[in-house]
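Contents: one structure, followed by commentary.
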Amino acid sequence: MNNSESNAIDASPAAGWFCGYTPVEILDAAGMTPVRITGERASSGVADSLMHTNICPYVKACLESAAGGKLDFLKGAVFTNGCDAQRRLYDVWRSVVPSVPAFLLAVPRRADDASARAFAARLAEFREWAEATFATQISDDRLRESIRSYAKLREALSGMDGMRETGEIDMPGSRAMEIYLAAQKMSPGAALDMLEKEVAAAKARAAAGSAAKGPRLLLAGNMTDDPELARIFESYGATVVSDALCAGSRFSSTATPDPDAPPLEALARAYLRKSPCPRMVDADDYASRLVRKVEETKPDGVVFHILKFCDAHLYDLPFIRESLRRAGVRALIIEGDYTTGSGQLATRAQAFLETI
């Protein structure tokens, strides 16, 4: 994907978002194109002068983009309290990009009824901010329409994932990552049209018998949004058949909100019960969910990619490693800095695949 976010989105006004717990339906209902922000992979040092050096490289990459003026096209930006690094990004953002209004959404850490009610109240504040910022009114009917549109998109993305896992379509994991990233930077209708064309072409390739063979891999981790990571493993004959990534299948894991419930309450419950990141569950729960994913997709190996200084994921790492060992699946743990580092990674990828 191009580092310039504005090249990857619709022509309509754009609002940026960073965390998978951001209900993009509210932005869509406000007439905006919700654009998931990815950052600069080459550092100019600006972010290091504004934030602590030992902080999430994804957050610093986003700050690099903002400080360089590459996010000035946004009409607003939504942050969450998902981690301290993102909370700090919100603080710095208001000084670096004062022309782009910012909103901080408080997301509960539990998924029980009390948390859902609290989150619905925060979503009401989010809707009020969007109405004031984008000079519009978000009726319940418009919100329900956006909910239906995103439900169709997520269902189609999940269907694509299922067909990848079974081999019904011939789609490299790197291309699937590109599709997921593009879908999170355009309107749900445009994303669905793009996805249907991609799946149709992948079905035709599979019917022609061109599906790739070789070790099947599950790619897991946190904010991994560079298709080059999957492409490196594919260059050695592997097939990335599934993922458990923030910018991948966790986006499509949000359940369809209850159409009979008030829309904000329905959104709150749906988002809190999506496939969780470690911030939302304890280490044993997160590791056991990953093992279940392994049991469902039956990969030959797991590549777990974690960004440096991501405390939530790194704290869980010993549990994840041991759980995968007990499940009998080989795993490669990669700690990255939001750059591909293709030379060293290629060596590790080749050595890992030789052990499978």
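The values are calculated or read from the model by the stated rules, or taken from the named source; none is laboratory data. If you're wondering where the values come from, they're calculated on a predicted model, not measured in any experiment. Neighbour counts run over all protein chains shown; Cβ positions are idealised from the backbone, glycine included. Please note that ligands, DNA and RNA were not included when accessible areas were found on the heavy atoms of the full protein model with its side chains. Shrake-Rupley method; radii C 1.70, N 1.55, O 1.52, S 1.80 Å.
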So the check is Cβ under 6 Å with 6+ separation or different chains; which pairs have a first residue in the range 213-239 that's basic (Lys, Arg) and a second one that's assigned to a helix (DSSP H, G or I)?
ARG231/SER174
Given (1) modelled with pLDDT of 95 or more; (2) in a loop (DSSP other than H, G, I, E, B); (3) not small (Gly, Ala, Ser), ARG109 misses just (1)
Within the range 57-70, restricting attention to residues that are touching a helix residue (DSSP H, G or I) at 6+ places or on another chain (Cβ under 6 Å) and farther than 22 Å from VAL107 by Cβ, which residue is most open to solvent (accessible area, probe 1.4 Å)?
ALA67
Quick one: would you say ARG127 is more than 17 Å from the chain's Cα centre (by Cα), among the basic types (Lys, Arg) and at pLDDT 95 or above?
yes
Out of ALA114, ALA191, report the one residue that is open to solvent by less than 40 Å² (accessible area, probe 1.4 Å) and in a helix (DSSP H, G or I).
ALA191
Every residue in the range 164-219 that is touching a Lys or Arg at 6+ places or on another chain (Cβ under 8 Å) and under 22 Å from TYR150 (Cα atoms), please.
ALA176, LEU181, GLN184, LYS185, PRO188, LEU192, GLU198
Residue by residue through the range 32-69, note down the ones that are touching a residue at least 60 places away in the same chain (Cβ under 8 Å), under 12 Å from LEU307 (Cβ atoms) and hydrophobic (A, V, I, L, M, F, W, C).
ILE55, CYS56, ALA61
